[in-house]
Amino acid sequence: MGSRMVRRLLSAGHKVTGYNRTKSKAQWLLDTGMNWADTPRAVAEAADIILSMVTNTQALEAVAVGADGLLAGLSAEKIYIDMSTVSPAASRDLAKQVEAKGAQMLDAPVSGSVITLEEGKLSIMVGGSRPTFEKALPVLQAIGPKVTHVGANGLAVSMKIATNLSLAVQMLAFSEGVLLAEKSGIARETAVEVLLNSVIASPMVKYRGPFVLNMPDEAWFDVNMMQKDLLLALEMGRELDVPLPTTALTNEMLTTARGMGLAEKDFAIVFEALARMAGMKNGVKE
């Protein structure tokens, strides 16, 4: 996702300096005009607006703190935008550290997949001060056309977590519907066609529903990543006294998928886990 964002920024005419732990993975971006920096600190020193997108809270800390971290390269008037889905509390704490450097931070996670990004349909939610948001808006709009300010630091991450729990829950419900129809005697392809043209066909279901017929080799968003987000949601639910029963159940199904050795598959693999529990695999009764 992050690499495709860089490509959109380059295409929009922005000068981009980037860093990745594995330089070879960024070579195609270097070939298309991105400048290379040897450390996150060097990126922060070279740019006016710094963006990061990493896998989890621990990875964010790894790129942000320390002698070579982003924080060490920040100075007054710079804007740091983290687009990762991490703990809201950790994001707010990092924002305070950024402010101590005289810079400003926005949390700006996205809603969508690599496909929606490449189609120019990605939406971005942003937390932080309104003036900082306005300054960063042109850069964010180069990444995705729909950019919404949702409130103070940490609230965009909270909104992203609230969004992602629904993705997983919807996928599990869709899988249940397909399997129920299939075991009653309806061809899986027919069941998918009907559901994708019914009132339950959200944008997510439309682009991920076909995965129950043909799972991609490369995950768009794997089981481990989705379970990380559900665990963040469950943690928020405990803190805020919000019951999340369908989130808890879906989290257990992701654990089931991991136990079946499917952790690196797209989270739509919950269909396969459920199918095996129903005595089926790849559409064939066992």
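Just a yes or no: is a residue in region 12-24 basic (Lys, Arg) and not in a loop (DSSP other than H, G, I, E, B)?
Checked region 12-24: at least one residue is basic (Lys, Arg) and not in a loop (DSSP other than H, G, I, E, B).
Out of curiosity, is LYS206 within 22 Å of LEU165 (Cβ to Cβ), under 19 Å from the mean Cα position of the chain (by Cα) and open to solvent by less than 50 Å² (accessible area, probe 1.4 Å)?
no
Can you give me the ranges of the helices (runs of 4 or more DSSP H) entirely in region 102-194 with at least 3 residues that are touching a strand residue (DSSP E or B) at 6+ places or on another chain (Cβ under 6 Å) and open to solvent by less than 60 Å² (accessible area, probe 1.4 Å)? Lay out the reasoning, then the answer.
On the way: elements: 114-118, 130-143, 155-183.
Qualifying helices (runs of 4 or more DSSP H): 130-143, 155-183.
Kindly provide the set of residues from region 213-222 that are in contact (Cβ under 8 Å) with a residue 60 or more places away in the chain and either within 13 Å of MET171 (Cα to Cα) or small (Gly, Ala, Ser) (or both), ordered by number. Please lay out each step first, then the result.
Residues of region 213-222 in contact (Cβ under 8 Å) with a residue 60 or more places away in the chain: 220-221.
Result: PHE221, single match.
So for region 70-87 (the condition being open to solvent by 50 Å² or more (accessible area, probe 1.4 Å) and under 22 Å from the mean Cα position of the chain (by Cα)), does at least one residue qualify?
Taking every residue of region 70-87 in turn, none turns out to be open to solvent by 50 Å² or more (accessible area, probe 1.4 Å) and under 22 Å from the mean Cα position of the chain (by Cα).
Would a scan of region 86-94 turn up a residue that is in a helix (DSSP H, G or I), free of Cβ contacts under 8 Å to residues at least 12 places away in the same chain and not charged (D, E, K, R)?
Start the filter on region 86-94 by keeping residues that are in a helix (DSSP H, G or I), which leaves 88-94.
Next, from what is left, pick out any that are free of Cβ contacts under 8 Å to residues at least 12 places away in the same chain: 93.
Within this subset, residues satisfying the condition of being not charged (D, E, K, R) are none.
No: zero hits.
Can you pull out every residue in region 209-240 that is over 13 Å from ILE161 (Cβ atoms), among the aliphatic types (A, V, I, L, M) and open to solvent by 20 Å² or more (accessible area, probe 1.4 Å)?
Within region 209-240, LEU213, MET215, ALA219 meet the criteria.
Being of a type in the set (Gly, Ala, Ser) and without any contact (Cβ under 8 Å) to a residue 24 or more places away in the chain: is that true of GLY261 here?
Answer is yes for this residue.
Can you name the number of the only condition in (1) open to solvent by less than 70 Å² (accessible area, probe 1.4 Å); (2) at negative phi; (3) not hydroxyl-bearing (Ser, Thr, Tyr) that ARG7 fails?
Going through (1) open to solvent by less than 70 Å² (accessible area, probe 1.4 Å); (2) at negative phi; (3) not hydroxyl-bearing (Ser, Thr, Tyr) one by one, ARG7 breaks only (1).
The values are calculated or read from the model by the stated rules, or taken from the named source; none is laboratory data. Quick caveat: nothing in here was measured; it's all calculated off a predicted structure. Every residue, glycine as well, gets a Cβ built from its backbone with ideal geometry; the counts of neighbours run over all protein chains shown. SASA here: full protein model, heavy atoms, side chains in, ligands and nucleic acids out. Shrake-Rupley method; radii C 1.70, N 1.55, O 1.52, S 1.80 Å.
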